[in-house]
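Report on one structure; see the data block that follows.
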Amino acid sequence: MEDEEIEKAVIAYLKKKGFKQTEIAFHEEHLQQKQQQPQQSKPSSTSTATSTDPDLAKQLLSFSSSSSETENRPVRYLEGYSKLRSWTYSSLDLYKHELLRMLYPVFIHCFMDLVAKGHTQGARTFFNNFREDHEMMHLRDLQKLEGILSPSHLEEMEFAHSLRQSKVNIKICQYAYELLLQYLHKTQSITMLGIINEHINFQVSPGQPSTISDDAEAVTLVGSGQDIAKQINEKEIHWGLLEDSLEDRLEKAGGLILDAEKAEGETKDGDLDEGKKRPIDGGKQGPSIKKLKKDKVVGTTGKNIRSETNIVSMAPRVKAELTLPVMPMETEQSILEDLRNRVQLNSLALPSVCFYTFINTHNGLNCSSISRDGSLLAGGFSDSSLKVWDMTKLGQQADISSTQGESEAAPNQSLVSDEGKRSYTLFQGHAGPVYSATFSPIGDFILSSSSDSTVRLWSRKLNANLVCYKGHNYPVWDVQFSPVGHYFASASHDRTARVWSMDRIQPLRIMAGHLSDVDCVRWHANCNYIATGSSDKTVRLWDVQSGECVRIFIGHRSMILSLAMSPDGRYMASGDEDGSIMMWDLSSGRCVTPLMGHSSCVWTLDFSGEGSLLASGSADCMVKLWDVTSTAKAPKADEKVGSTNRLRSLKTLPTKSTPVYTVQFSRRNLLFAAGVLSKTS
């Protein structure tokens, strides 16, 4: 009877676990043993049976009974997973990251098994107890699975159905695999063993385990990501502006400028001779009428303007950690002139917008960049070329002025000359698609990054490549000049950001810590920090001098595609793949408020000169303007109300069918934008 009981127990277990081939093989082997057994003597068979069968019978019967109990007791799943999780976290650091890889598939299959067996409440308890472990890397999947409330949902949801039908491949070294088997054998974790057998395919490799840096999920799971972020965010940072910056000098000279303007205004009425010397086209009345209108606007919004200009002026001053380049006197005077003539923007005074549209690119345009004065436009293409248009020359050739909005005719006239001559400067040198381009603050140099893992420096005066910077191991997604020039930062698929100077071919600093691609990079206004956005759904702030991470910003639900720093250096905006924008306070590391409105990837962000407005461009073919002052000062009570986000969106500027690649405020606060016409119909 013992043999029959054992046979039944084994068959019952194999049927429950769905091991059909094993069941057939077991039947065949059992039949062969029966055919051979009659020829043997009964005493010897019974003696061997008694010496081995009782232990085997116990194990198999307990195996079978425990599996049947598991189906009726959801607590077994909770206890089994909890013990496995504790054992994994307490294992040796050398093997921990490999063992951690199995926790997520075991977790989701435990949850789905409980739902499939009708234990909805137990499944919900299990899910809520352990979901925090996996939120950082698998938030989207968890949000989908959270809606499963019955066995029918498992069948109806394609995502859940595909998970249950497929196996997860996990790489693990031989010793870590043996450690896992030993644990499962000692603890008799039948439930966990069944799930691992059914849903995980271990790819066992001999030798040492893989390095932890190769496994993004493991890095996230080692320790608590939230705890690490809290520790890092306690570090002190100095978010103010540089001492003796151009803004500083302009503010010190501000009183003199205002006095000069007042004196000019008082003497203007009596100074008729000066008016006679002006061109006849404009007349004497035209400019005076314009000035009167301007004075009225300034009078009505004067309070707002003062408060907003103080945002930058009230920022603390800090010393530069980098050796800053000496700016030529002519360039300095030109920038100061632009700053003096800057239009003050606020919620009542929105900027003028100039939109450049690329046409006939044949899906070859990967990126675009606009110089600070808006006169130069660069495009990076899939054929490894970089093209630069001088909009001032194009305007002269086509005899048209800058157009606001979009026009199908205007781009044709301005971007392509009638005689078929090249209306752009072509830069060739990369060996792969160009993914990013950036102008130096003055516009005399251009940097480009490519899939060939290099960054190249180009001279506009010589129309030639000056330097090829090699250091990254994979495609370089983004490159950005610092606000003072000379220094630049790059972001790559190799999960690092690097800081460079124009005069050295090797990087000055390597920022490593992201768990996936670093997709975008931006400099802080004082050049002491850089911010990086990654596919790991986090933004990090790095100290340029030490190379250390000083802030981790957690909150996005998808990869970060764009970043922008406020002019006073206190706030940062980040845009992601889902279309959401988040405003962060750098000093606290907390999100001030999310800005919802875009329906697709936010590819570009930029603050206005005084920091009162934020412009965003998206793949949804829209440019949006946001009121930063009300957003930053919003009371906590209002942050919970969803409708307040709509109030903070000041204006939406839709294009015909042009995803927006770039938005850029000039120093005078004119907003430039660029994109490529996409005819979907």
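List of remarks:
- Amide H partners (placed H, <5 Å) of Val544, local residues excluded: Tyr529, Ile530
- In the context of the full set of protein chains, segment 488-608 has a per residue accessible area of 28 Å² (1.4 Å probe).
- Under 5 Å, built H, 5+ apart or other chain: amide partners of Asp478: Ala491
- The distance between label points at Gln174 and Thr331 comes to 6.1 nm (points 7 Å beyond Cα on the Cα→Cβ vector).
- Segment Leu350-Ser205, length gained on full extension (0.36 nm per residue, minus Cα span): 46.0 nm
- Anisotropy class of segment 421-463 from Cα gyration tensor, a/c 1.5 cut: oblate
- In this structure, the residue pairs whose Cα-Cα separation is over 28 Å, taken from Lys8/Lys171; Lys235/Lys470; Lys144/Lys167; Lys117/Lys167; Lys319/Lys387; Lys83/Lys537, are Lys8/Lys171; Lys235/Lys470; Lys319/Lys387; Lys83/Lys537.
- With 0.36 nm allotted per residue and the present C-alpha distance subtracted, the Glu155-Asp585 stretch has 150.3 nm of extension available.
- Per residue, the Cα convex hull of segment 77-120 amounts to 49 Å³.
- Between Glu198 and Asp383, the FRET efficiency estimated from the beta carbon spacing at R0 = 60 angstrom works out to 0.80.
The values are calculated or read from the model by the stated rules, or taken from the named source; none is laboratory data. Quick caveat: nothing in here was measured; it's all calculated off a predicted structure. Don't worry about glycine lacking a Cβ; one is built from the backbone with ideal geometry, like all the others, and counts go over all protein chains shown. To get the accessible areas, we keep the full protein, side chains included, count just its heavy atoms, and leave off ligands, DNA and RNA. Shrake-Rupley method; radii C 1.70, N 1.55, O 1.52, S 1.80 Å.
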